[in-house]
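Heads up: the structure comes next, in structure tokens.
The values are calculated or read from the model by the stated rules, or taken from the named source; none is laboratory data. The model shown is predicted, which means the values in this text are computed figures rather than measured ones. Here the Cβ positions follow ideal geometry from the backbone for every residue, glycine too, while neighbour counts run over all protein chains shown. Remember, those area values only see protein heavy atoms, side chains included, never the ligands or the DNA or RNA. Shrake-Rupley method; radii C 1.70, N 1.55, O 1.52, S 1.80 Å.
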Amino acid sequence: MRIAIIGAGAMGCLYGGLLSASGQDVTLLDIMEDHVKEINENGLRMEGKSASGSFEEQIFDTIKATTNPLEIGVVDLVIIFVKSTFTRQATEANRVLFGPDTTVLTLQNGMGNVDAIATVADKANIIAGTTAHGATMLGPGHIRHAGSGKTILGELDGKVSKRMEEIAALFNQAGLETEVTENVTGLLWDKLLVNVGINALTAILGVTNGKLVETRESESLLEQAVEEGKKVAEARGVRLNHSDPVAHTKEVCRATAENRSSMLQDITNGRKTEIDMINGAIVREGRAVSIPTPVNELLTLLIKSKEALK
Ligand code: PAF
């Protein structure tokens, strides 16, 4: 299958590297020229934990990278991995990748990605999903796979389609453990609540995911943020797949213990974060259903202060 990945950050590289190693024709598309050059000249380097717990390196040299979508043209599958702040911009800038039969998959964090993609792609061609992998960018052409988890995909109308089964099979073949859900709205909210509990707190405290559950105080903040989000989801009639999202978020902390969350990486690198699409989304959605969300409001303000005072 011809696959283009828009956004070659740590997660885009992780999926791209594994899919290309399994025989798919994958091109990464990114604006970072030194990163693209390094991948094309020396391959993509990925560190990952071995069974003994030490970090081992793998080189993916069949993957291609470019800054120019015209070099790729129309593909079978586009996977969008840019920060949700840039979804609309990146989709519009790369519209040459979309043909009438191109499936577009968003595996991004945060709320609002499907609507942003639908400004360019036909909504019937969009599928959504979540990933519980954790990955960190170490430098141009170099990432660390810091924690594994499932990928879950779903059609927007809840049907289990043939294309969905094909994509799930392709991912599984590449070693990306993947399942299909009939409840994609619940799935996106499940992931949103994980990000609500982990991302802002790790970025404010400057710690890896696992640390959040090492002290009672940070664990309590995580619990309160996720509980507020759960109440908002319930008031909006969302059917969550996890009956206990707090426990699930703590499990993700443990499974990706070594990972520096995407928001921590953004703050460290002086980039704008996805706070408006994560904790900020809980505040907005909470207002709409008259559910107070003071912890999420505070986390949003703290992250926005960090962004402004860098
Ligand atoms: O945004 C992230 O970093 C990831 O979604 C997650 C699962 C919190 C792991 O770090």
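If I go through segment 61-115 residue by residue, how many of them are within 16 Å of Leu19 (Cβ to Cβ) and out of contact with any strand residue (DSSP E or B) (no Cβ under 7 Å at 6 or more places or on another chain)?
Number of matching residues: 2.
Could you list all residues from segment 289-310 that are free of Cβ contacts under 8 Å to residues at least 60 places away in the same chain, outside any helix (DSSP H, G or I) and either surrounded by 13 or more Cβ atoms within 10 Å (Cβ to Cβ) or on the phi > 0 side of the Ramachandran plot (or both)?
Val289, Ser290
Can you pull out the residues in segment 56-73 that are open to solvent by less than 80 Å² (accessible area, probe 1.4 Å) and either aromatic (Phe, Trp, Tyr) or over 21 Å from Arg2 (Cα atoms) (or both)?
Phe60
For every residue, the table says whether it meets (1) surrounded by fewer than 20 Cβ atoms within 10 Å (Cβ to Cβ); (2) closer than 27 Å to Asn125 by Cβ; (3) touching a His at 6+ places or on another chain (Cβ under 7 Å).
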residue: Glu165; (1), (2), (3): yes, yes, no
residue: Leu193; (1), (2), (3): no, no, no
residue: Gly206; (1), (2), (3): yes, no, no
residue: Leu222; (1), (2), (3): no, no, no
residue: Val226; (1), (2), (3): no, no, no
residue: Gly237; (1), (2), (3): yes, yes, no
residue: Glu251; (1), (2), (3): yes, no, no
residue: Leu264; (1), (2), (3): no, no, no
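Gly154 - would you say it is of a type outside the set (Val, Ile, Thr), crowded, with 22+ Cβ neighbours inside 10 Å and free of Cβ contacts under 8 Å to residues at least 40 places away in the same chain?
Judged against the criteria, Gly154 is a match.
What single numbered condition from (1) within 16 Å of the ligand (Cβ to nearest atom); (2) open to solvent by 60 Å² or more (accessible area, probe 1.4 Å); (3) not assigned by TED's automatic domain parsing to the domain that holds Arg163 fails to hold for Glu177?
Among (1) within 16 Å of the ligand (Cβ to nearest atom); (2) open to solvent by 60 Å² or more (accessible area, probe 1.4 Å); (3) not assigned by TED's automatic domain parsing to the domain that holds Arg163, the lone unmet condition for Glu177 is (3).
Please state which one of Asp76, Asp101 is over 26 Å from Glu307 (Cβ atoms), of a type outside the set (Phe, Trp, Tyr) and either crowded, with 17+ Cβ neighbours inside 10 Å or in contact with a Phe, Trp or Tyr (Cβ under 6 Å, 6 or more places away or on another chain) (or both).
The match here is Asp76.
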